[in-house]
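What follows draws every value from the coordinates through simple rules; no lab data is involved. If you're wondering where the values come from, they're calculated on a predicted model, not measured in any experiment. A quick note on method: Cβ atoms are made from the backbone with ideal geometry, for glycine too, and the neighbour counts reach across all protein chains shown.
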Amino acid sequence: MKKSTVLYVYGIIAMLELFSHTLPTSGLHHFTKPLLMLTLIVYIVLHRKELSRKALTLVVAGLSFSWLGDVSLMYQDKKEIYFMVGLGAFLVAHIAYIFLLKEARDSSESKFLNPQKIKYIGFFWLVFGGLISILYPHLGALKIPVIVYAMAITVMGISALMRYGRTQAKSYMFGLLGAVLFITSDSILAINKFIEPVNNAGILIMGTYALAQMCICIGVVLHFNKK
């Protein structure tokens, strides 16, 4: 199978996953959602010779724990424990991505000026603070786990931002876009779960999530593939 073909297959699966959220039953959803991360793992494995061993380990770990999170969250309406397992799995995935994004950059100094660093890093923490302030009264016993998770995904976003000037432009943009989309997806999920239902929540959450994971993988591959 050609490497680029895997992404087309991923796109088809993602579209079917979004379509499944318009159906009255979840049969298709339970088939397409678990396939998403498995397809990206195939994409990464096909590029394994181009990646460093550490990057390969980290990206596969991130995708594998994301798969566990995906499967767990499909059953969160049945028992709260499934949400906790999903939250924990994605927390581990984000930690893996933090180290992955650090690995997928050159050792040279960033071209960011200090004021620019402070401004853009501050923006991520501002989003974190705003989201937590909105969610906090509704979190109940989940206050600490959700705050820890939100901190992890914020640091993941900052890690993507700090690759500026230390990788190719395309790799940087894909990585940063992936991080921003991931934060967007998780924010919609949190608002939908803890505050009030969001119209077309399933489509919005999975659409941004599927794009986020794909962009992160492409960004990493582009960094190590110098051709």
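Output the pairs from LYS78/LYS102; LYS33/LYS170; LYS49/LYS170 with a Cα-Cα distance over 26 Å in this structure; if there are none, say none.
On the way: LYS78/LYS102 37 Å; LYS33/LYS170 28 Å; LYS49/LYS170 20 Å.
Over 26 Å apart, Cα to Cα: LYS78/LYS102; LYS33/LYS170.
How would you rank 27-33, 142-148, highest first, on the average number of other Cβ atoms within 10 Å across their residues?
Numbers: 27-33: 16.1, 142-148: 14.4.
Ranked by mean Cβ neighbours within 10 Å, highest first: 27-33, 142-148.
Tell me the net charge near LYS102. Cut-off is 13 Å between Cβ atoms, LYS102 excluded, with +1 for each Lys or Arg and -1 for each Asp or Glu.
Charge balance in the 13 Å sphere: +2.
Rank by packing, highest mean first: peptides 149-156, 197-204, with packing defined as the count of other Cβ atoms within 10 Å averaged across residues.
Details: 149-156: 20.2, 197-204: 13.6.
The most tightly packed comes first, giving 149-156, 197-204.
Does the chain come out rounded, prolate or oblate by the C-alpha gyration tensor, with a ≥ b ≥ c the root eigenvalues, rounded set by a/c under 1.5 and, if not, prolate when a/b is larger than b/c and oblate if not? Walk me through the numbers before you get to the answer.
Values: a/c = 1.93, a/b = 1.17, b/c = 1.66.
Oblate, since a/c reaches 1.5 and b/c is not below a/b.
Given axes a ≥ b ≥ c from the Cα gyration tensor, I'd like to know whether segment 51-177 is rounded (a/c under 1.5), prolate (a/b larger than b/c) or oblate. Display every interim value, and only then the final one.
On the way: a/c = 3.19, a/b = 1.41, b/c = 2.26.
Oblate, because a/c is 1.5 or more while a/b does not exceed b/c.
In terms of modelled amide H atoms, which long-range or inter-chain residues lie less than 5 Å from the amide H of THR167?
Here the answer is ASP106, since their amide H atoms fall under 5 Å of that of THR167.
Would you list, by chain and number, the aspartates and glutamates whose Cα falls below 17 Å from the Cα of LYS193, excluding same-chain residues fewer than 8 positions away?
Qualifying aspartates and glutamates at Cα under 17 Å: ASP70, ASP77, GLU80.
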